[in-house]
């Protein structure tokens, strides 16, 4: 504030006043002079520092008057109030200007970032849609929120349809729905990454196996805000696994049978002739027909041929044609397509496809139905097959070994076996001798089996009773090696010393053992004529509804061993499955 002199230079501009004061305004307020020359007139100017505005800033207001006493106390107070109001107004204007500038810059940054995010999201979406994997975004509760183009194209559904509550029931294989939903529910509750294997329905109605991996996304507090699920098509891998599993199952069946056919034991002339034939035919790809009574070791010979062939590193698949119902044998051998018959919910690879590159052993070949014989003939002639329910030909490279305990020539004459198939199978016949025809091998077989079962039972058997060995050699063994095996195993279990003995009652000439009825209505089944024997067996099968083993089976009704009854059923050409529906 200052007091002006009586006269003033009205031409002085405001900036000139500022220039006049600038020299001392730059100093600290306590250094300001109390009087300075009047920049617009004569005399001096009184300098009084003022604290201005909310931030207590130092400022100067220039006010002039012609009164010598200007300013008085009241005027000083008014000038201070005016100065403060002016400073506040200036500060508000400056703040508003700064806010507008900051808001403008912020809007520009947000707009730029929004454009960048939109571009990034678009690029990410295009990338995700280009991935040949199913990708689904789920909420914390597992509800579908989004899906990529691959997933929508695979299912043939829209995103809204995928979001529907019943979507999974429509997309999952009926056999997988309950399992997958329960496993998924429990895994979502745990909140950890997990994976599931399931079959998903394609838009053409076919199902393919997928490996689904679920990964959670969490916020800063650790709460799950999203689940990302990625699906990888593993259908081809599953098919290979099923094929390998089928091969392994067949191989395990061979191992688990635990029969004596693990090794060829014996040195008799009949056995040497058979082994010589095996050595000659094994390196070839010729079809072999192995003939012999039940229990003579036809499976062992077939396996020996395979192990000595060029296919020894590939699968050896065994099929017991007599153990499979006629209505299912074609599906078992050649496989089937989905929907080929009631219960065919999925495509199945048959035993021939599982044996591709290896060997298939068709045991009890004489029990094949005629219609299946025709399909088998085509495989032998053209090396290709058709799955049940399909017209597409599938090439297979399989060596066929067949076996039968029946006289197939008589079956051909009776019209139950195709003549052309017999000729195709009978390229290289091998006749396996019955155990009674190789009596010289009995002592070796007995020693081998005793050692084998004694080790299993953790027993030490050092000698064989002389009477027992004579008894074993004298018995004619109608059940052949399998019967010998069963007798030895039973005797080892009951043996309480280091000397091996066999109860003579076990080896009666009659077919029925001492523990069962010794005859059937006063007659030995073995002495009955063929018609009477067949009639009695069929009556027993009818009473047991086709069941052979067990306390109420046909074998128990007749009082004969199960193996013997199975042999007679096969020999007499009886179809036991027709009695299941009686």
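Values in this text are rule-based calculations from the coordinates and carry no lab data. Worth saying up front: this structure is predicted, and the values here are computed from it rather than measured. In this analysis, Cβ positions are derived from the backbone assuming ideal geometry, glycine residues included, and neighbour counts consider all displayed protein chains.
Any idea what the relative contact order of segment 532-579 is, in percent, if you count C-alpha pairs under 8 Å spaced at least 6 apart? Dividing the mean separation by the residue count of segment 532-579 yields 36 percent. Using 0.36 nm per residue and subtracting the Cα-Cα separation, the extra length available between residue 338 and residue 104 on full extension is 77.6 nm. Each of residue 202 and residue 163 was given a label point 7 Å from its Cα along the Cα-to-Cβ line. The distance between the two points is 2.9 nm. Look at the Cα gyration tensor of segment 328-393: its axes a ≥ b ≥ c give a/c of at least 1.5 with a/b over b/c, and that counts as prolate.
Going by neighbour counts of Cβ atoms within 10 Å, the residues 391, 443, 267 line up, fewest first, as 391, 267, 443. Residues 470, 163, arranged from fewest to most other Cβ atoms within 10 angstrom of their Cβ, appear as 470, 163. Summary of the geometry: segment 265-341 and segment 542-562, compared by the centres of their Cα atoms, lie 28 Å apart.
Counted by neighbouring Cβ atoms within 10 Å, the residues 77, 188, 472 run from fewest to most as 77, 188, 472. Which shape class applies to segment 66-220: rounded if a/c is under 1.5, otherwise prolate when a/b exceeds b/c and oblate if not, where a ≥ b ≥ c are the square roots of the Cα gyration tensor eigenvalues? Note, shape of segment 66-220 comes out prolate. Here the extension length gained between residue 123 and residue 76 equals 10.0 nm, from 0.36 nm per residue of separation less the Cα-Cα distance.
Taking the centroid of alpha carbons for each part, segment 80-132 and segment 140-195 are 41 Å apart. With a ≥ b ≥ c taken as the square roots of the eigenvalues of the C-alpha gyration tensor of segment 532-579, please select rounded if a/c is under 1.5 and otherwise prolate if a/b is larger than b/c or oblate if it is not? Rounded shape, in that the Cα axes give a/c under 1.5.
Here the spin labels are modelled as points 7 Å beyond Cα on the Cα-Cβ line, and at residue 215 and residue 383 they lie 4.8 nm apart.
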